[in-house]
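The values are calculated or read from the model by the stated rules, or taken from the named source; none is laboratory data. In this text, all values refer to a predicted model and were calculated from it rather than measured experimentally. Neighbour counts run over all protein chains shown; Cβ positions are idealised from the backbone, glycine included. The accessibility values were calculated without ligands, DNA or RNA, using every heavy atom of the protein model including side chains. Shrake-Rupley method; radii C 1.70, N 1.55, O 1.52, S 1.80 Å.
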Amino acid sequence: MSTFKFPVINPLLHNELRLKIMVTLDSLESADFVYLCEITDSTRGNLSIQIKTLQEAGYLEVSKTGLGRLSHTVCRITQRGHDALSAYEQGLRRLFCERVPDMKNKKNVR
């Protein structure tokens with residue numbers, strides 16, 4: 001029996017829009033909602049849902065000022081979010097760099 005195991009890839013970050021949000025915020029101190037909408041090429045509704053998902057996971061801090069349509073939303077990545085993104089990147093690198101063991105010459109392989 002092989003001891004090889006694929007790395008665990010965080011399913012929360014394995015979503016294109018959430019990953020774009022996290023990578024953007026990891027490289028900036030903070031970003032407002034309008035900028036995130038533009039840079040990720042997302043609709044406002046979808047971006048709002050994904051930001052909420054990341055916030056609930058503790059990956060983002062979200063602050064709002066103003067009221068209603070005049071509100072200003074700013075997002076910032078948390079240390080937990082940064083750590084999760086780093087682990088995700090390392091997992092992907094391992095996934096592509098490590099090789100699955102050749103089992104052709106092993107017994108009991110179908």
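Some notes on this structure:
- For a straight C-alpha distance cut-off of 19 angstrom, the aspartates and glutamates reachable from Lys20 (same-chain residues fewer than eight places away being disregarded) are Glu29, Asp32, Glu38, Asp41, Glu56, Glu61, Asp83, Glu89.
- Mean projected area in nm² (Cα convex hull; one quarter of hull surface) for the range 26-74: 3.6 nm²
- Fraction of accessible area attributable to carbon and sulfur, the chain (%, probe 1.4 Å): 53 percent
- Counting 0.36 nm for each residue step from Thr65 to Arg44 and taking away their Cα separation leaves a gain of 5.8 nm.
- log₁₀ of I(q)/I(0) at q = 0.25, 0.26, 0.27, 0.30 Å⁻¹ - the range 1-62, Debye sum with one point per alpha carbon: -1.10, -1.18, -1.26, -1.50
- Kirkwood Rh in Å, taken over the chain so that all alpha-carbon pairs contribute: 15.9 Å
- About the Cα centre, charge dipole magnitude for the range 13-67 (Lys/Arg +1, Asp/Glu -1 at Cβ), debye: 200 debye
- Rounded to the nearest 20 debye, the dipole magnitude of the chain is 740 debye, with +1 charges on Lys and Arg beta carbons, -1 on Asp and Glu beta carbons, and the Cα centre as origin.
- Segment Asp26-Arg99, length gained on full extension (0.36 nm per residue, minus Cα span): 23.3 nm
- Positive-end residue, the chain charge dipole about Cα centroid, Cβ charges, pick of Leu95, Thr24, Asn10: Leu95
- Helices in the chain, meaning DSSP H runs of at least 4 residues, each add -39500 (n - 2.57). Divided by all residues, the mean residue ellipticity at 222 nm is -15000 deg cm²/dmol.
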